[in-house]
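**Student:** Before I ask anything, here is the structure I am working with.
The values are calculated or read from the model by the stated rules, or taken from the named source; none is laboratory data. The model shown is predicted, which means the values in this text are computed figures rather than measured ones. Ideal geometry is used to build each Cβ from the backbone, glycine not excepted, and the neighbour counts take in all protein chains shown. All accessible areas refer to the heavy atoms of the entire protein, side chains included, with ligands and DNA or RNA removed. Shrake-Rupley method; radii C 1.70, N 1.55, O 1.52, S 1.80 Å.
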Amino acid sequence: AVRTAGTELDFSVVLGSQDRESVTERCILTVNAGSSSLKLAVFTAARPVRRLLSGAVTRIGLPGATLAIATGSQPPAVHVLDVADHSSALDAMLPQLEPYGGLARVAAVGHRIVHGGPLYDRARLMTPEVVAELRRLSALDPDHLPAELAIVEAMSSRASGVAQVACFDTAFHRTMPRVARLLAIPRRYEAAGVRRYGFHGLSYAYLIEELERVAGAEAARGRVILAHLGSGASLAGLLDRRSMDTTMGFTPTSGIMMATRSGDVDPGVLLYLLRTERMTVDALDELINRGSGLLGVSESSPDMRDLLAREPNDPRAADAVALFCHQARKAVGALAATLGGIDTLVFSGGIGENAPPVRARIAQGLEHLGVQVDDARNDVDAPLISTDASTCAVRVIRTDEESMIARETLDVLDAQRMQP
C-alpha cells in the first residue's frame, strides 16, 4: 500500500486486483483546462473506470490561486499557490500523482477539448496533424483552445512517451440536423467553419447514459431536454439519444446568459457599442465573456449562491436571477417545440444540481408541457423532483465530464490496439 493525505490506500482494494504492479501500470489521467482553471483526475484503466484522485487549480494567473486535491471520501486538501500560467499549474498538480506511481503509470492522457471545429466527430489520438488543425481553429475559441493546447504541449515535454487523446465537447452535437447548424449569414462563411456547433457535449454524453441507467432505455430514447446549468450554461434537446438542437452555437458565449458570459445578444447592440464607445475587439471580448451574464446584471457577483442570498434586499441581484430563470425557461420551451414535446427534463451542472429555487422557477410556466415539480422533493435535491401526476419526468443528475473523458480515451486506446 501507499500513503497519501494521511490515509493508507491499498491498490488491491481500490482497483479490484491482487496484482498491484500490473494494475498500477495502467491509469488514465484526464485533463480539463479552462481559461483560468485546470482540473486533473486519475482513473483506473479498466472498465468500468473508477476515479482514484481529483484535483483542481483555480484562479490561474490571478491572486489567491488554489490547489484542491481529493482522494476517495476524504475532504479535499486546499493549498494556496502562485501560478502564472497553465504550465506552472500543471507542475503544481503532477506531484500529486506520485502516490499512484506518477506519470510512469499513466497509460494515456485524455484532454477535454472544447472546440473540435467541423472536422472531428469523435475522440482522436493527439497526433501532430490533430494539434496543427486545432491550432488553426484557435480563432474559433480563443478562450479555451490556446490554454488546452498549451497543456498538451506541456504534457508532451513531461511525458513524451505517453499517448494523448483529444475528447471534443462539440462532437456530441454532430447529429444535429443541417437546419439546426446553419447561421443566417452569407453561405460563403460556412466553408470557413462559421456555423452552429454546440458545446458541453461530454457532459451531455454522460447525462444521457446516466438517464438510461436510472430510468431505462425507453426514457433515454424519448424526448429529452438536458440542462447543464453552471458557470457555463446550455441546454440541449435529444431524440433517440441524439442531439437535435442546443442553445450554444458558434461559440460557448452564445445561448442563455451565464456567470460572466452574455449569451445571445442582439448583434445591433454590439455594433452600437463599437460605434459609440469606440470599443476594440479585445474590449468587446472582455465585456461579453467576462463582464456580462449574472455578474454584469447584478453588478456584484457571478455566483448564483451569492445572488440568491442577496436578492431579497438587492434588486440588481433579483434581476439577474429572474433573467437567468426566464431565459432557461424559454430555452426549454423552444427545444420542446423542436422535439414535438418533452418526456424528461434533466437538471445538471453546479446550478442545476444545487439550486432548488432556480429549478423551481424555471419549471414555473411549463405546466402546459406536462412539467410539475414537487416542492418537497426539489428542496432536498431528490433524483426525481417531479410530482407523481407530472407527465414529464423532472430529474437531477450530477454530471461527470472527467469519467466520460476517461472512457473515450480508453475507446481510442482500444481502437489503436485493434489496428493491424
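**Student:** Please identify the GluC sites (Glu not before Pro) of segment 271-352 that satisfy two criteria: DSSP loop assignment and at most 13 other Cβ atoms within 10 Å. Which are they?
**Tutor:** Qualifying residues, ordered by number: GLU277, GLU299.
**Student:** Can you compute log10 of I(q)/I(0) for segment 305-409 with the Debye formula, treating each Cα as one identical point scatterer, at q = 0.22 Å⁻¹?
**Tutor:** -1.17
**Student:** Let me ask something else about it. Just add up the charged neighbours of LEU40: K/R +1, D/E -1, any other residue whose Cβ is under 15 Å from the Cβ of LEU40.
**Tutor:** Local net charge: -1.
**Student:** Under a 10 Å cutoff between Cα atoms, tell me which one of MET257, MET248, MET155 has the largest fluctuation in the Gaussian network model of the chain.
**Tutor:** Sorting by GNM fluctuation, first place goes to MET155.
**Student:** In addition: Could you derive backbone 3J(HN,Hα) for segment 218-227 from the dihedral phi with the Karplus parameters 6.51, -1.76 and 1.60 (θ = phi - 60°), listing whole Hz in sequence and x where the residue is Gly or Pro?
**Tutor:** Whole-Hz 3J(HN,Hα) from phi for segment 218-227: 4, 5, 5, 7, x, 8, 10, 10, 9, 10.
**Student:** Please give the length that would be gained between ASP91 and ARG417 if that part of the chain were fully extended, namely 0.36 nm times their separation in residues minus their C-alpha to C-alpha distance (nm, one decimal).
**Tutor:** Length gained between ASP91 and ARG417: 114.3 nm.
**Student:** So, in nm, how far is label ALA309 from label ALA184 when the simple model puts each one 7 Å beyond its Cα toward the Cβ?
**Tutor:** Each label point is offset 7 Å from its Cα along the Cβ direction, giving 4.3 nm.
**Student:** Still on this structure, please answer the following. First measure r as the distance between the Cβ atoms of ASP82 and ASP266, then evaluate 1/(1 + (r/R0)^6) with R0 = 51 Å and state the FRET efficiency to the nearest 0.05.
**Tutor:** 0.80
**Student:** Given Cβ point charges of +1 (Lys, Arg) and -1 (Asp, Glu) and nothing else, what value in debye, to the nearest 20, does the dipole of the chain about its Cα centre take?
**Tutor:** 900 debye
**Student:** For segment 51-180, report the translational diffusion coefficient in µm²/s to the nearest whole number, using Stokes-Einstein at 4 °C, 1.567 mPa s, and a Kirkwood Rh over Cα pairs.
**Tutor:** My calculation gives 80 µm²/s for D.
**Student:** If each residue of separation counts as 0.36 nm, what is the full-extension length gain between ASP285 and ALA107 once their alpha-carbon separation is subtracted?
**Tutor:** 60.2 nm
**Student:** Quick one: which residues, 5+ away or cross-chain, put their amide H under 5 Å from the amide H of ALA65? H built at 1.01 Å from N.
**Tutor:** Correct list: LEU81, VAL83.
**Student:** Toward the positive end of the charge dipole of segment 259-415, about the Cα centre and with charges on Cβ (Lys, Arg +1; Asp, Glu -1), which of THR399, GLY352, LEU294 goes farthest?
**Tutor:** Of the listed residues, the answer is LEU294.
**Student:** Also, I was wondering about something else. Return the sequence-ordered ³J(HN,Hα) values of segment 147-162 in whole Hz as given by the Karplus equation 6.51 cos²θ - 1.76 cosθ + 1.60 applied to θ = phi - 60°, using x for Gly and Pro.
**Tutor:** With the stated coefficients, segment 147-162 comes to 5, 5, 5, 4, 5, 4, 5, 5, 5, 4, 6, 9, 8, 5, x, 8 Hz.
**Student:** Work out, step by step, the length gained on full extension between GLU212 and THR387: first 0.36 nm times the residue separation, then minus their alpha carbon distance; give nm to one decimal.
**Tutor:** 61.0 nm
**Student:** I would also like to ask the following. With the Cα gyration tensor of segment 155-228 in hand, give its eigenvalues times 5 under a square root as the equivalent ellipsoid semi-axes, listed largest first in whole angstrom.
**Tutor:** 27, 26, 8
**Student:** Then there is this: To the nearest 0.05, how large is the calculated FRET efficiency for SER160 and ASP240 if R₀ is 35 Å and r is the Cβ-Cβ distance?
**Tutor:** 0.25
**Student:** If you don't mind, there's one more thing I want to ask. Mean-square fluctuation check for the chain, GNM, Cα pairs under 10 Å: which of SER243, SER160, SER138 is largest?
**Tutor:** Among SER243, SER160, SER138, the largest GNM mean-square fluctuation belongs to SER160.
**Student:** Also, I was wondering about something else. Using +1 at the Cβ of each Lys and Arg and -1 at the Cβ of each Asp and Glu in the chain, identify which of MET258, PRO186, THR127 lies farthest towards the dipole's positive end.
**Tutor:** It is PRO186, whose Cα lies furthest towards the positive end.
**Student:** Now for a separate question. Take the solvent-accessible surface of the protein heavy atoms, probe 1.4 Å, and return the percent of it on segment 13-143 that carbon and sulfur atoms account for.
**Tutor:** 55 percent
**Student:** Can you give the helix-only mean residue ellipticity at 222 nm for the chain, where every DSSP H stretch with n ≥ 4 adds -39500 (n - 2.57) and the sum goes over all residues, rounded to the nearest 500 deg cm²/dmol?
**Tutor:** -11000 deg cm²/dmol
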